[in-house]
Amino acid sequence: MSAPRDPRTPGPATTTSGTAPATPPGTPAATPPPTTSTAPWRRLDARTLLVHCGWMGAPLASLALTALATGGRITAGAWITLAAIATSFAVVTTLGLIRWARTEFRVTADTLEVRSGLLNRRLRSVPLRRIRTVDLTASPLHRLLGVTVLRAGTAGSGDGGSELSLEALTVAEADRLRAELLARAEAEGAADDPVVARISWRWLRYAPLTFWVVGGVFVVAGSVYRALDAMGIEPWKLGFVQRAFAEFGASALWLTVPAALLVVLALGSVGAIALYVENWWSYCLEWTDARSLRVRRGLFTTRSVTIEGTRLRGVLLREPLLLRAGGGALVRAVAGGLGNREENRKRSGLLPPAPRTEALRVASSALRAAFPEAEPLTGHPRAALRRRRTRGLLFVVVPGTAVLAGLGAAFTPVLLHCAWIYAVVTTPVVWWLARDAYRSLGHGIRGAHLVARSGTFSRDTLALQRSAIAAWTFSTSPFTRRSGLVTLTAAVAAGEDGYRVRDLAAEAAPGFAATVTPGLLDEFLVHRQG
């Protein structure tokens, strides 16, 4: 069941007057937007053409590596590829020149306007009062050329369709334009210390406690394999690879397998630390004024995301299993105007993996109130525990045991022993994980926020503004209905668009949803008389 709420669409653009907001610390002063009749059209930086040619790096590097692998001999296929690259370069450069010459933008008293196109001219106009986030992103190529990409997120741009992107501007011009676009935000005075958090390199110890410590190794290995395969090199036929596998198989597996795992963990840890440094170099979270929260970070690819306070609907405290065991957590913003799901994941980070106490402090600062995590939450029925145990047994223990037993019956009795060992080992692990997932379940109301917690591999605690919930969805399956459970999904025009409160008691779910959002479900509820 889904209960819609009246859409909150902004009205027609109006010109307002009043006191200009104070200039945020460290931001170039914003000049007052000119009137529509006098606002000049501006062009992107000419170095945009060089940015568009950056795609040639990969094929040219591939040709160079092929030449090295073949001893400097350039085959006919390589010459054909080089000719194709030259032709593509000419075409792309011509199209880029036309696009640059026909793309202009300006900031008027009320709107940001961008016009582009050669045969079909397109004019996009967005009211300044609807702009909620401004993201400055610079890849290594952008930084080499001294330019950056500006993306302006608007109210209702969750799917990316209402987002305006300008590539590329000089860094100084982008800073000035960002100040202009955010000048409409009402400033009520910055806090005494606007800086919420800065990077501490002691947090590097939390970098290996993430997925990338293992998964990153296989991602890199897969990327290298695809690159070699694209150059016509079969990695499995390389001499040193064949010798390594031969020596690995001839050695005592009880020594080589743990050694290989240690090597993977060591490589993964180094990669995770390097990724942490690249993503969070020069990290700073600060209030630029009373209503704008800005995150700056990045080593090679820099990113500066500004979120207007009125679009910040809540925060998410995330604690992956290993990070939680190490006493760490990270914080993400639940905000509108950050783009689609993929872009939202990139832009919503407020704090890297850090000590949990620091995460709670940052979450409280973003909410402008104490993060409602200390008080105990309402627990869930025991049926939720039974459901997690059953799912673990059915999806982990039984399939693995059955496969090993089947292979053992068909090929070798050794696998039969592996089957019962697998069952004996995984059953208590699944039992423990199910118990931990059940203990993580909780929900409640803390002032103006809905609080929901769930998960074991990634325990997430959500603090969401109750006023931001636009609809509720009640989800059940044949199994959950039999167990008397229901999952609530709060629809929000921010973040992931919907956040779940999992496995509540079916009889308590409607009353809880009605309490969170008074009046939203009244027409759907049947009240008992007497």
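Close amide H contacts of R313 (hydrogens built in the peptide plane, cut-off under 5 Å, sequence separation of 5 or more or a different chain): V334, A335, G336. Give the shape of the range 357-463 as rounded, prolate or oblate, defined through the alpha-carbon gyration tensor: a ≥ b ≥ c are the square roots of its eigenvalues, a/c under 1.5 means rounded, and otherwise the shape is prolate if a/b is larger than b/c and oblate if not. Because a/c hits 1.5 or more and a/b exceeds b/c, the range 357-463 counts as prolate. The range 353-423 and the range 461-483 have Cα centres lying 21 Å from one another.
In this structure the range 249-320 gives 43 Å² per residue of accessible area when probed at 1.4 Å with all protein chains present.
Over the range 358-515, Cα pairs under 8 Å with separation of 6+ residues give a relative contact order of 18 percent.
The packing ranking, built from the mean of other Cβ atoms within 10 Å per residue, places the peptides 83-95, 273-285 in the order 273-285, 83-95, highest first.
Taking N as the residue count of the range 308-360, its C-alpha radius of gyration divided by 2.2 N^0.38 Å amounts to 1.20.
The values are calculated or read from the model by the stated rules, or taken from the named source; none is laboratory data. What you see is a predicted model, and the numbers here were worked out from it, not measured in a lab. Cβ: placed from backbone, ideal geometry, glycine included. Neighbour counts: every protein chain shown. Side chains are part of the model used for accessible areas, which takes the heavy atoms of the whole protein and leaves out ligands, DNA and RNA. Shrake-Rupley method; radii C 1.70, N 1.55, O 1.52, S 1.80 Å.
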